[in-house]
Amino acid sequence: MPTVTKHCNYYFYELLIAYQQAAAQNHLIDNINKQKAIENLTIKPISTDFLARIIAYFDTKNESLNYPQLVKFYRETAYPEAEKIIQTKFKMSYTTPATIKESLFFEE
């Protein structure tokens, strides 16, 4: 059983590396640094998830992380960083809507 797991992990990471390289080439970010890639890709608003994946690609491409480590990095580091970049660049701010005291449709 451990040998099968090792083989599965090996092929998963080979596929992940090939996918990341192809995606980087498709988005023309394979020969530039992280900051330049973020600048180029955020000329127009993009999804936070997509930007987080770009951040994760640059921050982990020279490390060999296992799947749980990749997921943890994405959730705890890359996604919050992407949110901050998008909010700052596009001057987005979120406010909680005021409570409606009375309305034609709602009564409290």
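A short reminder: the numbers here are calculations on the coordinates, not readings from a lab. All values derive from a computational prediction rather than experimental measurement. Every residue, glycine among them, receives a Cβ derived from its backbone with ideal geometry; neighbour counts consider all protein chains shown.
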Compute the FRET efficiency between Glu63 and His7 as 1/(1 + (r/R0)^6), taking r as their Cβ-Cβ distance and R0 = 22 Å, and round to the nearest 0.05. 0.55
In the P(r) worked out for the chain, what percent of Cα pairs fall beyond 19 Å? 57
Surpassing 24 Å at the alpha-carbon level, of the pairs Lys6/Lys34; Lys36/Lys91; Lys61/Lys91, are Lys6/Lys34; Lys61/Lys91
Nothing charged except the Cβ atoms of Lys and Arg (+1) and of Asp and Glu (-1): what's the magnitude of the dipole of the chain about its Cα centre? Round to the nearest 20 debye. 360
Work out, step by step, the length gained on full extension between Ala18 and Leu70: first 0.36 nm times the residue separation, then minus their alpha carbon distance; give nm to one decimal. 17.1 nm
Among Ile17, Ala78, Thr95, whose Cα sits farthest toward the positive end of the charge dipole of the chain (+1 at Cβ of Lys/Arg, -1 at Cβ of Asp/Glu, about the Cα centre)? Ile17
